[in-house]
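J.: This structure is in structure tokens; I'll ask about it shortly.
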Amino acid sequence: MTGSPATRATPSALGWNVAVALSFFFLIYLPAKDVYLDQPEPGSYLALLKLLPLGIGYTLGVTVAGSAAAILVGLLVGLGMLSGNRFIRWAASFYTEILRGIPLLVLLFYIYYALGEFLNIPKLAAAVVGFGFSYGAYMADVFRAGVEAIPKEQGEAARSLGMNPRQTLFQIILPQALRTIIPAIGNQTLGMLKDTSLVSVLAISDILRVANEYATKHFNYFETYTYIALTYLMLTLLMSRLVTWLETRFQVY
């Protein structure tokens, strides 16, 4: 069968470029306007721009670490759902049902404040663990579906060549499954990037925390949150582009 491989539907290149251009324009234009008009720095866009690198660093750090934790949890739980051991299958399914039923914000509070009464858990560690456990429950189904999508003949062929179950899984099945689930993993990561705004409740200086403190201090809520919304939009668009590139790079023919 010939033709282009099927890929996840994405916005047109023109639409994406326009969205990025507009976001970038306003992110640069607003502080530049303050400089041109000689606006006093306290309460200006320029002052907010100087604070954003710290917030962006924490936001991206939690996203990357949380995604890595979620992928690891999702892989282990997803394989558990496919295990030949009945108890392991039950435990994996129980985990996904429980974690999906707990709101992420509640889970973050529970890990940091409730468990914090017994354990000295750093704020960043609590955030990463919370995102890893919560998103891992959804990643588990992604991995399970990816493995199940691989034809059984692949495993049978590997075993006929003398490969044991572990070799078959990690050398034959998983590499093929990973290529098919990149879009789903990318979508989960994009969702996590936006959900990192929740870590502000743990007093982590992410983008939203920086914005809240700035707006409260200078009473310019409209300007601050407009700028922050554009910042999140820019980060999301760039990450979406990265996911699209990965899909193209590892697309399945």
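J.: Take residue 114 and residue 98, extend 7 Å from each Cα along the Cα→Cβ direction, and tell me the distance between the two endpoints in nm.
T.: Reported label-point gap for residue 114 and residue 98 is 1.1 nm.
J.: May I ask you to sort 168, 63, 226 by Cβ crowding, counting other Cβ atoms within 10 Å and putting the fewest first?
T.: In order of increasing Cβ crowding within 10 Å: 226, 168, 63.
J.: Here's a follow-up. Among 110, 135, which comes first, second and so on when ranked by fewest other beta-carbon atoms within 10 Å?
T.: Exposure proxy ranking, most exposed first: 110, 135.
J.: Further, regarding this structure: May I ask you to compute the full-extension gain from residue 229 to residue 176, defined as 0.36 nm times their residue separation minus their alpha-carbon distance, rounded to one decimal in nm?
T.: 15.4 nm
J.: How many nm is it between the label spots at residue 105 and residue 125, if each spot is 7 Å from the Cα in line with the beta carbon?
T.: 2.6
J.: Can you tell me the order of 196-203, 77-84 when each peptide is scored by its average per-residue count of other Cβ atoms within 10 angstrom, highest first?
T.: 196-203, 77-84
J.: Between residue 238 and residue 88, what is 0.36 nm times their sequence separation minus the Cα-Cα distance? Round to one decimal in nm.
T.: Using 0.36 nm per residue and subtracting the Cα-Cα distance, I get 50.1 nm.
J.: Based on alpha-carbon centroids, what's the gap between the range 132-153 and the range 154-212 in Å, whole number please?
T.: Their Cα centres are 9 Å away from one another.
J.: According to a simple spin-label model (label point 7 Å from Cα along Cα-to-Cβ), what is the distance in nm between residue 141 and residue 218?
T.: About 4.3 nm separates the two model spin labels.
J.: In cubic angstrom, how much convex hull volume per residue do the alpha carbon atoms of the range 88-151 span?
T.: Working: hull volume 6.0 nm³, N = 64.
Dividing the Cα hull volume of the range 88-151 by its residues yields 94 Å³.
J.: Given the Cα-Cα distance of residue 194 and residue 148 and 0.36 nm per residue of separation, how much length would full extension add, in nm?
T.: That works out to 13.6 nm of additional length.
J.: So how do 216, 244, 224 line up by other beta-carbon neighbours within 10 Å, fewest first?
T.: 216, 244, 224
Every number here is computed from the coordinates shown, using simple stated rules; none is lab data. Values in this document were obtained by computation on a predicted structure and should not be read as measured data. So basically every Cβ, Gly included, is an ideal-geometry build from the backbone, and we count neighbours across all protein chains shown.
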